[in-house]
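Each remark here refers to the structure printed beneath this line.
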């Protein structure tokens, strides 16, 4: 039922757009955050994957969306507005943050965070997708949930062993283990990490504001070093990560050089043991032992690991079909709107 619909700052043509639609008194709240820049080729697929989640799993969830466009030079913002107009009844609240200048990945991410007013949320880049499994299943007592992600590019889904996440499953003190690992490398894959908004404070925003292109490693380093975390592990994938177009993975990306320079600076600041040869050797040995335990024992005898492996095999086998569905829905939308 539409209770209220309002436009601020000049409606769809303004700098910020807000639409309130559903009554949320008896429903759980969840906000989808999307940060994007020049992603007209992928943004509709991202939005269609959000719609898939809501239509198939969000019956009892009051879902909103906040989109931060970092002054795109292509038709990303146009596509977003057209899609949201056609699908506005899917959401209880819609907000577009249309930046007048390019802030960079971190600035866009912080802007999104400060416009999220519920505890349950997920921010995802505009070129990535939600997988078909129920992402609302992570809503619980944990303030951080780590899920495996499916990597893909074009029509190919990449099969992986995922030993990093397998180690998290078998380790009892997950916070201690991950805190130590972050001193050597970013062992977490941020697209698959779900966080409680109550973890964020001004000190965290101040830490993130030191950077322009890298938000995940400073974020994780701060949280695991300064917060008491209740960590959950999802045994099934919830997100699909496009591994061939982003600033961190695509060497041809216009901002990749700036990203690499910032990454090296960040490693000197946060990865305090990466150049300590003795500590590095001890860490590699420890992880090698854990990897072998996963491969030769836990994969065969541990119930949680068997469930995880079965879920991942099933997802890898079905992801191509799901990806084709999302792309068809995106192409159908573009055809209806004369965007092709």
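The values are calculated or read from the model by the stated rules, or taken from the named source; none is laboratory data. Predicted model, so just to flag it, every value in this text is computed and none were measured. Every residue, glycine among them, receives a Cβ derived from its backbone with ideal geometry; neighbour counts consider all protein chains shown.
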Subset of region 29-58, residues in contact (Cβ under 8 Å) with a residue 60 or more places away in the chain, in contact with a helix residue (DSSP H, G or I) (Cβ under 8 Å, 6 or more places away or on another chain) and surrounded by fewer than 20 Cβ atoms within 10 Å (Cβ to Cβ), comes to 52, 57
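Considering each of 241, 205 in turn, give the residue that is surrounded by fewer than 18 Cβ atoms within 10 Å (Cβ to Cβ) and either assigned to a strand (DSSP E or B) or at pLDDT 95 or above (or both).
Values: 241 fails: surrounded by fewer than 18 Cβ atoms within 10 Å (Cβ to Cβ).
So the residue among 241, 205 that is surrounded by fewer than 18 Cβ atoms within 10 Å (Cβ to Cβ) and either assigned to a strand (DSSP E or B) or at pLDDT 95 or above (or both) is 205.
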Scanning region 269-313 for residues that are in contact (Cβ under 8 Å) with a residue 12 or more places away in the chain and not in a helix (DSSP H, G or I) gives 270, 271, 272, 273, 274, 302
Note on region 64-93: residues surrounded by fewer than 23 Cβ atoms within 10 Å (Cβ to Cβ), touching a helix residue (DSSP H, G or I) at 6+ places or on another chain (Cβ under 8 Å) and assigned to a strand (DSSP E or B) are 69
Per the filter on region 157-168, residues farther than 21 Å from residue 131 by Cα and either in a loop (DSSP other than H, G, I, E, B) or touching a strand residue (DSSP E or B) at 6+ places or on another chain (Cβ under 8 Å) (or both) are 168
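Name the one entry in 61, 116 that is under 29 Å from residue 315 (Cα atoms), at pLDDT 95 or above and surrounded by 18 or more Cβ atoms within 10 Å (Cβ to Cβ). Break it down stepwise before answering.
Values: 116 fails: under 29 Å from residue 315 (Cα atoms).
Going through 61, 116 in turn, just one is under 29 Å from residue 315 (Cα atoms), at pLDDT 95 or above and surrounded by 18 or more Cβ atoms within 10 Å (Cβ to Cβ): 61.
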Taking region 249-262 and the residues there that are closer than 30 Å to residue 180 by Cβ and buried (at least 16 other Cβ atoms within 10 Å of the Cβ), the one that is modelled with the lowest pLDDT would be 256
